[in-house]
Amino acid sequence: MASRRKKDVETIARASRILERWYLRESEPIYCAKDAAPLLQMKLAGLDREAFAVLFLDSRHHVLAFEIMFYGTINGITVHPREVARAALKHNAVAVIVAHNHPSGDPQPSLSDERLTDRLCEVLALLEINLLDHLVVAGTGWASICDPSTAPAPRTSRRRKRRTRAARRAA
C-alpha cells in the first residue's frame with residue numbers, strides 16, 4: 001500500500017512538472033483568471049496552509065515565471081506588496097496574476113483579500129505593471145476577486161447555515 005502511494009505521489013509530481021513546463025514555455029497567452037486557474041489550482045489547492053503566489057507575464061502575456069512568495073498559517077497570511085513589486089521588476093514582468101489558497105475549502109474572497117488586491121493594484125500601477133487578477137483557490141473551486149463573473153458557479157454547501165437566535169424564535 002505504501003509503495004502504491006509513493007508511486008502516485010511521484011506520478012503527480014511528474015505531471016506537475018510537465019504542466020508547469022508547458023505553461024512556462026508553450027502556453028497560450030494568459031489574459032484572465034480562467035486562463036490561469038488550472039495551473040494555480042494545481043499548485044495551490046492541496047496545500048495545508050495559506051500560500052500566496054504570483055504568475056509573472058511578459059508583454060504578450062506569456063508566463064515568465066511562477067513563484068510562491070509567501071506562506072501563512074491555516075487561516076491567514078501576510079503579504080508585502082513591495083516584495084511582489086520587487087519580484088515583478090526582477091522578472092521584467094509587464095503584468096501579473098496573483099493567487100492564494102484557502103485551506104478551508106471555501107474560495108469565497110474575504111474583505112481582507114479585497115483590500116490586499118486594491119493595495120497591490122495601487123503599488124504595481126506606480127511601476128506600470130498590470131495586476132490582471134487575484135484568484136482565491138480552494139479545493140476544486142476558485143474565485144476571481146477582480147472579475148467575479150469569470151469564476152465557475154459555486155457549489156452548494158452541504159453544511160446547513162446556522163440561523164440566529166432571533167430567526168429561530170420568529171420561525
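The values are calculated or read from the model by the stated rules, or taken from the named source; none is laboratory data. Keep in mind it's a predicted model, so treat the numbers as computed, not measured. Counting neighbours? That spans all protein chains shown, and the Cβs are built from the backbone with ideal geometry, glycine included. Remember, those area values only see protein heavy atoms, side chains included, never the ligands or the DNA or RNA. Shrake-Rupley method; radii C 1.70, N 1.55, O 1.52, S 1.80 Å.
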Residue that is modelled with pLDDT under 50 and open to solvent by 100 Å² or more (accessible area, probe 1.4 Å), where the choices are T140, T156: T156
Any hit, region 86-93, residues being open to solvent by 30 Å² or more (accessible area, probe 1.4 Å) and either under 16 Å from the mean Cα position of the chain (by Cα) or among the β-branched types (V, I, T) (or both): no
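Scan region 110-134 for residues that are in a loop (DSSP other than H, G, I, E, B) and buried (at least 20 other Cβ atoms within 10 Å of the Cβ) and report the count.
Qualifying residue count, region 110-134: 1.
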Which numbered condition H134 misses (of (1) over 16 Å from F66 (Cα atoms); (2) touching a Cys at 6+ places or on another chain (Cβ under 9 Å)): (1)
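Can you confirm whether V98 is modelled with pLDDT of 95 or more, under 19 Å from W142 (Cβ atoms), open to solvent by 10 Å² or more (accessible area, probe 1.4 Å) and touching a helix residue (DSSP H, G or I) at 6+ places or on another chain (Cβ under 7 Å)?
no
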Single residue of region 17-35 satisfying the filter (open to solvent by 70 Å² or more (accessible area, probe 1.4 Å) and hydrophobic (A, V, I, L, M, F, W, C)) that is modelled with the highest pLDDT: I18
